[in-house]
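Chemist: Once you've had a glance at the structure underneath, I'll fire off some questions.
The values are calculated or read from the model by the stated rules, or taken from the named source; none is laboratory data. Quick caveat, the model's predicted, so the values are computed rather than measured. Neighbour counts run over all protein chains shown; Cβ positions are idealised from the backbone, glycine included. Accessible surface areas use protein heavy atoms only, side chains included; no ligands, DNA or RNA. Shrake-Rupley method; radii C 1.70, N 1.55, O 1.52, S 1.80 Å.
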Amino acid sequence: MKPALLPWALLLLATAPGPGPGPAADAQDSCSMRCGALDGPCSCHPTCSGLGTCCLDFRDFCLEILPYSGSMMGGKDFVVQHFKMSSPTDTSAICRFKESIQTLGHVDSSGQVHCVSPLLYESGRVPFTVSLDNGHSFPRAGTWLAVHPNKVSMMEKSELVNETRWQYYGTANTSGNLSLTWHVDALPTQTVTIELWGYEETGMPYSQEWTAKWSYLYPLATHIPNSGSFTFTPKPAPPSYQRWRVGALRIIDSKNYAGQKDVQALWTNDHALAWHLSDDFREDPVAWARTQCQAWEELEDQLPNFLEELPDCPCTLTQARADSGRFFTDYGCDMEQGSVCTYHPGAVHCVRSVQASPRYGSGQQCCYTADGTQLLTADSSSGSTPDRGHDWGAPPFRTPPRVPGMSHWLYDVLSFYYCCLWAPDCARYMQRRPSNDCRNYRPPRLASAFGDPHFVTFDGTNFTFNGRGEYVLLEAVLTDLRVQARAQPGRMSNGTQTRGTGLTAVAVQEGNSDVVEVRLANGTRGLEVLLNQEVLSFAEQSWMDLKGMFLSVAARDSVSIMLASGAGLEVSVQGPFLSVSVLLPEKFLTHTHGLLGTLNNDPTDDFTLRSGRVLPLGSSPRELFLFGADWAVHNASSLLTYDSWFLVHNFLYQPKHDPTFEPLFAGETTLNLSQAQEAAKLCGDDHFCNFDVAATGSLSTGNATRVAHQLHQRRMRSLQPVVSCGWLAPPPNGQKEGNRYLAGSTIYFHCDNGYSLAGAETSTCQADGTWSSPTPECQPGRSYAVLLGIIFGGLAVVAAVALVYVLLRRRKGNTHIWGTQP
């Protein structure tokens, strides 16, 4: 009896005429307005290409585009691939995004259809449709990827020459000309117009009337040659434009009228518009900025406290980099890119919370020094600053404070200019953007699978299960999190199939999120990433905002998946197989099942079957094989993709655990003396490495397993809990030395001149999270240091006088001591 099939899989098979490579024979059906559909005599689903079941017009209606991504600011021209108009001369194109935003496209002389991306207030994958009949129907569909402006290549935007100077223009010693440049080829036209656009958010904050808006303000230049550069001397804008304090420049073809929306364009980075501010700013920028800083403070005091729902910062840099499900590198301070930390001098690396806070859409930021110490705003203006508006925005985007980049600019960055950069009042800013000091931070729990394959559970149990099939690595009812994997046999160097298996695909979904699958690419050692059964390209972007998750790809051999719950997956290529690590926050405690065990700090129940029966830790390899087989995926709940006839026949149609596959069990492996010596030299006491050398006959496979195991152990060390005693204040009228507040750290106190220390001179962070002594007081009166200086200074004077007296006495009786020999 065959297992129940997924509905989409049933439809997939129903449309399949057989394993042949060609399209469906019955071409009367069409993909017009059917992209993604499986029903009918032919398929319009992404899997149809690999199965040869596509309708003949699949590529005409289910569109591929190049480029497939661009700035959410819009203005990017993209071309539909694999489809050309037979008579392009009189045809126009209308491109509709998100069912409501229309831009005017065109058909070029070769018959290719072009669209222009619109100005959006969101990032991520945006569906679009195309009409070639003047808007009467939109049968063709595709997906555009809108990205955060800071993630766009410099080739695709205009550059402010010395951007800092633009944003300080009008302050002390900053005047004269400003320049911008751009790549002429990116905007093919003879003449251009350069415009200023301003961004604002109006209405009562956190109300239904709170809205975001980009507005065309005025031109800087019109009908100038498209030379790739422009220089001008800024003048204060008229009063009617002064309310805009942040914005961007846009360069367009001069044939478009001023402010025309959604035309091909190049944008600069968004920036503080110091250069267009009024004469009041230029006459006394510090006073002007202080007034704005005070107004911002008054507004902040009326807004809800967003700090309470932010995640706690990791205590150390190693924790921050290892906790990849909840934190990701801040591109404004990245040690992998030279640690150019403009807003956090003294830091070498910052991370941001991946997910915005649920209610207010806010974000956490955590910055660290070279020795891994967290920088706090209470100690330095370089400290970590939380954000009322998450820099990366937050679903559903579009409305404040969830607009990527721009909400953050208004509520967190522009105010930093007011208080810290244009005026010396940074303490006022830091008081309302205090760092989190990590006392309540709890590292995530880690589990991994790698090699042939070997498992290390969340509670630290190690075992090997090399079944052939598809298995549940993790299920968590708490958030309906599911992680599944496919395991297939390896091959020896002579082509013989091994009696061991390894992971070749991993898929994940949480709640109603997108489904992401990472698998080994056919014929290469690289990775292939699928979104809802469709292969993704990372040729243009390495980061994607998806439904319920974020996705980051490093080169072609590592993928990070960050889920809305704070859970994270790291999937990488290690030798011939995949290695997967899963990170879970503490809230998943007691909520997990599957091959990665029951997360409850009790390893004795890690081998829990679906029925609830628990196998003891000392179970034999064959008993553990039955445990693994029990967690085979059910067809009706499979997340994995079957887009080739090999996968259909070997995994979709077959039992999810292959009962005919007989693996090699521990204790059954044998190596000749030479092999054993080589394995011992390579693996040492790593039993996983030794097993894989014996099972595959390959030292390179054993080495890949050893490396994967070491990576797991290294991350485990990085995620060890650290005790923090919290920030310790300096005494009034005194100072402290030290800014590290973890167990074993010592803080030293000193008083200003004219004050003496009352209390301990040092305080040490103890293992129980308390300081050994409170902050002492500095009381009026000469400090101990001054008194000691006077005492020792007086003694020194007395000693000097005595020495002179002795020497004079000696000279009187022994002149040769001072003069020449007689």
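Chemist: Within region 97-132, take every residue that is of a type in the set (D, E, K, R) and in contact with a Pro (Cβ under 9 Å, 6 or more places away or on another chain) and give me the one that is nearest to LEU66 (Cα to Cα).
Modeler: ASP108
Chemist: Among the residues of region 239-250, is there at least one that is among the charged types (D, E, K, R) and assigned to a helix (DSSP H, G or I)?
Modeler: no
Chemist: Do any residues in region 201-213 that are over 15 Å from PRO404 (Cα atoms) have Cβ atoms under 6 Å from those of residues that are among the small types (Gly, Ala, Ser) and open to solvent by less than 60 Å² (accessible area, probe 1.4 Å), where the two are at least six apart or on different chains, and which pairs are they?
Modeler: The qualifying pairs are GLU209/GLY203; TRP210/GLY203.
Chemist: Just give me the residues in region 175-197 being open to solvent by less than 60 Å² (accessible area, probe 1.4 Å) and either out of contact with any strand residue (DSSP E or B) (no Cβ under 7 Å at 6 or more places or on another chain) or basic (Lys, Arg) (or both), in sequence order. Steps first, answer last, please.
Modeler: Of all residues in region 175-197, those open to solvent by less than 60 Å² (accessible area, probe 1.4 Å) come to 176, 178-182, 184, 186-187, 189, 191-197.
Listed by number, the residues that qualify are GLY176, VAL184.
Chemist: Among the residues of region 604-618, which ones are modelled with pLDDT of 95 or more, of a type outside the set (A, V, I, L, M) and not in a helix (DSSP H, G or I)?
Modeler: Answer for region 604-618, where residues must be modelled with pLDDT of 95 or more, of a type outside the set (A, V, I, L, M) and not in a helix (DSSP H, G or I): ASP606, PHE607, THR608, ARG610, SER611, GLY612, ARG613, PRO616.
Chemist: For region 123-130, does any single residue satisfy the condition of being open to solvent by 30 Å² or more (accessible area, probe 1.4 Å) and either in the same structural domain as ASP545 (by the TED database) or not β-branched (Val, Ile, Thr) (or both)?
Modeler: Taking every residue of region 123-130 in turn, at least one turns out to be open to solvent by 30 Å² or more (accessible area, probe 1.4 Å) and either in the same structural domain as ASP545 (by the TED database) or not β-branched (Val, Ile, Thr) (or both).
Chemist: Go through region 198-212 and give me each residue that's part of a strand (DSSP E or B) and surrounded by 14 or more Cβ atoms within 10 Å (Cβ to Cβ).
Modeler: Within region 198-212, GLY198, TYR199, GLU200, GLU201, THR211, ALA212 meet the criteria.
Chemist: Right, something else. Scan ARG125, ARG140, ARG165 and give me the residue that is without any contact (Cβ under 8 Å) to a residue 60 or more places away in the chain and of a type in the set (D, E, K, R).
Modeler: Details: ARG125 fails: without any contact (Cβ under 8 Å) to a residue 60 or more places away in the chain; ARG140 fails: without any contact (Cβ under 8 Å) to a residue 60 or more places away in the chain.
Exactly one of ARG125, ARG140, ARG165 is without any contact (Cβ under 8 Å) to a residue 60 or more places away in the chain and of a type in the set (D, E, K, R), namely ARG165.
Chemist: How do the strands (runs of 3 or more DSSP E) wholly within region 262-367 filter down when requiring 1 or more residues that are at pLDDT 95 or above, surrounded by 19 or more Cβ atoms within 10 Å (Cβ to Cβ) and of a type in the set (Val, Ile, Thr): which remain?
Modeler: Numbers: elements: 265-267, 327-329, 349-353.
Filter on region 262-367 gives 349-353.
Chemist: Within region 415-427, count every residue that is surrounded by fewer than 19 Cβ atoms within 10 Å (Cβ to Cβ) and part of a helix (DSSP H, G or I).
Modeler: Within region 415-427, residues that are surrounded by fewer than 19 Cβ atoms within 10 Å (Cβ to Cβ) and part of a helix (DSSP H, G or I) number 2.
Chemist: For LEU699, only one of the following conditions fails: (1) open to solvent by less than 50 Å² (accessible area, probe 1.4 Å); (2) without any contact (Cβ under 8 Å) to a residue 24 or more places away in the chain; (3) hydrophobic (A, V, I, L, M, F, W, C). What is its number?
Modeler: For LEU699, the failing item is (1).
Chemist: Regarding HIS750, is this residue closer than 30 Å to MET492 by Cβ, of a type outside the set (S, T, N, Q) and at pLDDT 95 or above?
Modeler: no
Chemist: For region 490-510, indicate whether the set of residues that are of a type in the set (A, V, I, L, M, F, W, C), open to solvent by 10 Å² or more (accessible area, probe 1.4 Å) and within 30 Å of the chain's Cα centre (by Cα) is non-empty.
Modeler: No: region 490-510 contains no residue that is of a type in the set (A, V, I, L, M, F, W, C), open to solvent by 10 Å² or more (accessible area, probe 1.4 Å) and within 30 Å of the chain's Cα centre (by Cα).
Chemist: Taking the stated definitions as given, is LEU317 farther than 30 Å from ARG96 by Cα, of a type in the set (A, V, I, L, M, F, W, C) and in contact with a Gly (Cβ under 9 Å, 6 or more places away or on another chain)?
Modeler: Against the criterion (farther than 30 Å from ARG96 by Cα, of a type in the set (A, V, I, L, M, F, W, C) and in contact with a Gly (Cβ under 9 Å, 6 or more places away or on another chain)), LEU317 qualifies.
Chemist: What number of residues within region 173-197 satisfy the criterion of being assigned to a loop (DSSP other than H, G, I, E, B) and either among the hydroxyl-bearing types (Ser, Thr, Tyr) or within 20 Å of LYS235 (Cα to Cα) (or both)?
Modeler: 6
Chemist: Could you check how many residues of region 754-809 are of a type in the set (D, E, K, R), at pLDDT 95 or above and within 21 Å of GLY734 (Cβ to Cβ)?
Modeler: Number of matching residues: 2.
Chemist: Which members of region 28-48 meet the condition of being assigned to a loop (DSSP other than H, G, I, E, B), out of contact with any Pro (no Cβ under 6 Å at 6 or more places or on another chain) and of a type in the set (Ser, Thr, Tyr)?
Modeler: First, pick out the residues of region 28-48 that are assigned to a loop (DSSP other than H, G, I, E, B): 28-42, 44-47.
Going one step further and asking which of them are out of contact with any Pro (no Cβ under 6 Å at 6 or more places or on another chain), we end up with 28, 30-31, 34-42, 44-47.
Listed by number, the residues that qualify are SER30, THR47.
Chemist: Here is a follow-up. Inspect all residues belonging to region 135-158 and state whether any of them is part of a loop (DSSP other than H, G, I, E, B), hydroxyl-bearing (Ser, Thr, Tyr), in contact with a Phe, Trp or Tyr (Cβ under 7 Å, 6 or more places away or on another chain) and more than 30 Å from MET33 (Cβ to Cβ).
Modeler: For region 135-158, residues part of a loop (DSSP other than H, G, I, E, B), hydroxyl-bearing (Ser, Thr, Tyr), in contact with a Phe, Trp or Tyr (Cβ under 7 Å, 6 or more places away or on another chain) and more than 30 Å from MET33 (Cβ to Cβ): present.
Chemist: Which ones in region 568-617 are surrounded by fewer than 19 Cβ atoms within 10 Å (Cβ to Cβ) and of a type in the set (D, E, K, R)?
Modeler: Hits for region 568-617 are GLU586, LYS587, ASP602, ASP605, ARG610, ARG613.
Chemist: Just for region 86-99: of the residues that are small (Gly, Ala, Ser) and free of Cβ contacts under 8 Å to residues at least 40 places away in the same chain, which one is surrounded by the most Cβ atoms within 10 Å (Cβ to Cβ)?
Modeler: The residue in question is ALA93.
Chemist: Out of everything in region 467-496 that is of a type in the set (A, V, I, L, M, F, W, C) and part of a loop (DSSP other than H, G, I, E, B), what residue ends up being modelled with the lowest pLDDT? Explain how you work it out, then say what you get.
Modeler: Of region 467-496, the ones of a type in the set (A, V, I, L, M, F, W, C) are 472-474, 476-478, 481, 483, 485, 487, 492.
If we keep only those that are part of a loop (DSSP other than H, G, I, E, B) as well, we get 477-478, 492.
Numbers: VAL477: 96, LEU478: 97, MET492: 73.
Among those that are of a type in the set (A, V, I, L, M, F, W, C) and part of a loop (DSSP other than H, G, I, E, B), it is MET492.
Chemist: Can you confirm whether TYR216 is in contact with a Phe, Trp or Tyr (Cβ under 7 Å, 6 or more places away or on another chain) and over 28 Å from CYS420 (Cα atoms)?
Modeler: Yes; evaluated as a whole, the condition is true for this residue.
Chemist: Report, by residue number, each residue of region 692-725 that is over 27 Å from the mean Cα position of the chain (by Cα) and more than 26 Å from GLN675 (Cβ to Cβ).
Modeler: Listed by number, the list holds a single entry, CYS725.
Chemist: Turning to a different aspect of this structure: Quickly run through region 100-122 and pick out the residues that are open to solvent by 20 Å² or more (accessible area, probe 1.4 Å), in contact (Cβ under 8 Å) with a residue 12 or more places away in the chain and outside any strand (DSSP E or B).
Modeler: ASP108, SER109, SER110, LEU119, TYR121
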